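Here's the structure we're looking at; comments come further down.
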Amino acid sequence: MENDFVGVILAFIIGAMICFANFKLSEYFLKKHTEHFSKISFLRQIIQVLYILVLFFIAKYTPWDRTFVLIGGALGVTLPMFIFTYKLLKTNKTVSVKKEEKEESSDG
(Lines give C-alpha, C1' and ligand atoms only; values in the text may rest on other atoms or scores of the structure.)
Protein backbone atom coordinates (compact mmCIF):
# COMPACT_ATOMS: atom_id res chain seq x y z
CA MET A 1 0.00 0.00 0.00
CA GLU A 2 2.84 2.44 0.78
CA ASN A 3 4.25 2.07 -2.71
CA ASP A 4 0.95 3.19 -4.23
CA PHE A 5 1.38 6.60 -2.64
CA VAL A 6 4.74 6.96 -4.37
CA GLY A 7 2.88 6.48 -7.66
CA VAL A 8 0.29 9.08 -6.67
CA ILE A 9 2.94 11.62 -5.74
CA LEU A 10 5.03 10.99 -8.84
CA ALA A 11 2.02 11.24 -11.16
CA PHE A 12 0.90 14.40 -9.32
CA ILE A 13 4.31 16.05 -9.70
CA ILE A 14 4.52 15.28 -13.40
CA GLY A 15 0.94 16.49 -13.86
CA ALA A 16 1.72 19.70 -11.99
CA MET A 17 4.75 20.26 -14.23
CA ILE A 18 2.55 19.81 -17.30
CA CYS A 19 0.06 22.22 -15.76
CA PHE A 20 2.82 24.78 -15.17
CA ALA A 21 4.08 24.40 -18.75
CA ASN A 22 0.53 24.92 -20.01
CA PHE A 23 0.22 28.01 -17.83
CA LYS A 24 3.44 29.50 -19.22
CA LEU A 25 2.30 28.73 -22.76
CA SER A 26 -1.05 30.40 -22.12
CA GLU A 27 0.60 33.38 -20.46
CA TYR A 28 2.91 33.89 -23.43
CA PHE A 29 0.08 33.78 -25.94
CA LEU A 30 -2.10 36.01 -23.77
CA LYS A 31 0.62 38.66 -23.70
CA LYS A 32 2.03 38.36 -27.23
CA HIS A 33 -0.55 36.74 -29.52
CA THR A 34 -4.01 37.17 -28.02
CA GLU A 35 -5.71 36.29 -31.30
CA HIS A 36 -4.42 32.71 -30.99
CA PHE A 37 -5.22 32.23 -27.31
CA SER A 38 -8.33 30.11 -27.93
CA LYS A 39 -6.33 27.70 -30.10
CA ILE A 40 -3.77 27.33 -27.32
CA SER A 41 -6.53 26.54 -24.81
CA PHE A 42 -7.61 23.69 -27.06
CA LEU A 43 -4.00 22.49 -27.33
CA ARG A 44 -3.65 22.59 -23.52
CA GLN A 45 -6.69 20.35 -23.14
CA ILE A 46 -5.28 17.86 -25.64
CA ILE A 47 -1.97 17.73 -23.75
CA GLN A 48 -3.73 17.09 -20.44
CA VAL A 49 -5.96 14.36 -21.87
CA LEU A 50 -2.96 12.70 -23.54
CA TYR A 51 -1.15 12.70 -20.21
CA ILE A 52 -4.05 10.89 -18.55
CA LEU A 53 -4.20 8.40 -21.43
CA VAL A 54 -0.46 7.75 -21.18
CA LEU A 55 -0.86 7.14 -17.45
CA PHE A 56 -3.69 4.72 -18.11
CA PHE A 57 -1.69 2.62 -20.54
CA ILE A 58 1.69 2.87 -18.80
CA ALA A 59 0.39 2.20 -15.27
CA LYS A 60 0.15 -1.55 -15.77
CA TYR A 61 3.94 -1.64 -16.29
CA THR A 62 4.64 0.16 -13.02
CA PRO A 63 4.66 -1.32 -9.52
CA TRP A 64 1.72 0.92 -8.54
CA ASP A 65 -1.98 0.38 -8.84
CA ARG A 66 -3.50 2.01 -11.93
CA THR A 67 -6.21 3.73 -9.91
CA PHE A 68 -3.72 5.52 -7.67
CA VAL A 69 -1.60 6.64 -10.62
CA LEU A 70 -4.65 8.00 -12.45
CA ILE A 71 -5.86 9.84 -9.35
CA GLY A 72 -2.44 11.43 -8.86
CA GLY A 73 -2.24 12.47 -12.51
CA ALA A 74 -5.74 13.89 -12.58
CA LEU A 75 -5.12 15.89 -9.42
CA GLY A 76 -1.76 17.05 -10.81
CA VAL A 77 -3.28 18.60 -13.90
CA THR A 78 -6.35 19.94 -12.08
CA LEU A 79 -5.45 21.38 -8.66
CA PRO A 80 -2.57 23.69 -9.69
CA MET A 81 -4.77 25.12 -12.43
CA PHE A 82 -6.86 26.91 -9.79
CA ILE A 83 -3.82 29.01 -8.91
CA PHE A 84 -2.71 29.38 -12.52
CA THR A 85 -6.19 30.44 -13.68
CA TYR A 86 -6.19 33.19 -11.06
CA LYS A 87 -2.77 34.35 -12.30
CA LEU A 88 -3.94 34.28 -15.92
CA LEU A 89 -6.95 36.41 -15.03
CA LYS A 90 -4.66 38.96 -13.39
CA THR A 91 -2.42 38.90 -16.47
CA ASN A 92 -5.45 39.36 -18.71
CA LYS A 93 -6.54 42.44 -16.73
CA THR A 94 -3.04 43.90 -16.99
CA VAL A 95 -2.88 43.26 -20.74
CA SER A 96 -6.36 44.77 -21.22
CA VAL A 97 -5.42 47.92 -19.29
CA LYS A 98 -2.23 48.36 -21.32
CA LYS A 99 -4.16 47.97 -24.59
CA GLU A 100 -6.72 50.55 -23.47
CA GLU A 101 -3.94 53.00 -22.55
CA LYS A 102 -2.33 52.55 -25.98
CA GLU A 103 -5.64 53.11 -27.73
CA GLU A 104 -6.36 56.26 -25.71
CA SER A 105 -2.94 57.74 -26.37
CA SER A 106 -3.22 57.04 -30.10
CA ASP A 107 -6.67 58.66 -30.32
CA GLY A 108 -5.13 62.06 -29.94
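The values are calculated or read from the model by the stated rules, or taken from the named source; none is laboratory data. Since this is a predicted model, take the numbers as computed values, not measurements. So basically every Cβ, Gly included, is an ideal-geometry build from the backbone, and we count neighbours across all protein chains shown. Just the protein is used for accessible areas: all its heavy atoms, side chains included, with ligands, DNA and RNA removed. Shrake-Rupley method; radii C 1.70, N 1.55, O 1.52, S 1.80 Å.
Descriptive notes on the structure:
- Close Lys pairs in the chain, defined as Cα atoms under 18 Å apart and 8 or more places apart or on different chains, number 22.
- Sum of -39500 (n - 2.57) over DSSP H runs of 4+, divided by residues of the chain (222 nm, nearest 500): -32000 deg cm²/dmol
- Positive dipole terminus of the chain, leading residue within 51, 68, 7 (C-beta point charges): 51
- Fraction of accessible area attributable to carbon and sulfur, the chain (%, probe 1.4 Å): 68
- The chain, relative contact order [Cα under 8 Å, separation at least 6], %: 45
- 0 to 90° range, to nearest 10: angle between helix 66-107 axis and the chain longest Cα axis: 0
- Average accessible surface area per residue within the chain, 1.4 Å rolling probe, Å²: 70
- Counting only Cβ charges, +1 for Lys and Arg and -1 for Asp and Glu, the dipole size of the chain around its Cα centre is about 160 debye.
- Between residue 82 and residue 34, full extension at 0.36 nm per residue minus the direct alpha carbon distance yields a gain of 15.2 nm.
- Calculated FRET efficiency, residue 9 to residue 42, Cβ-Cβ distance, R0 = 22 Å: about 0.15 to the nearest 0.05.
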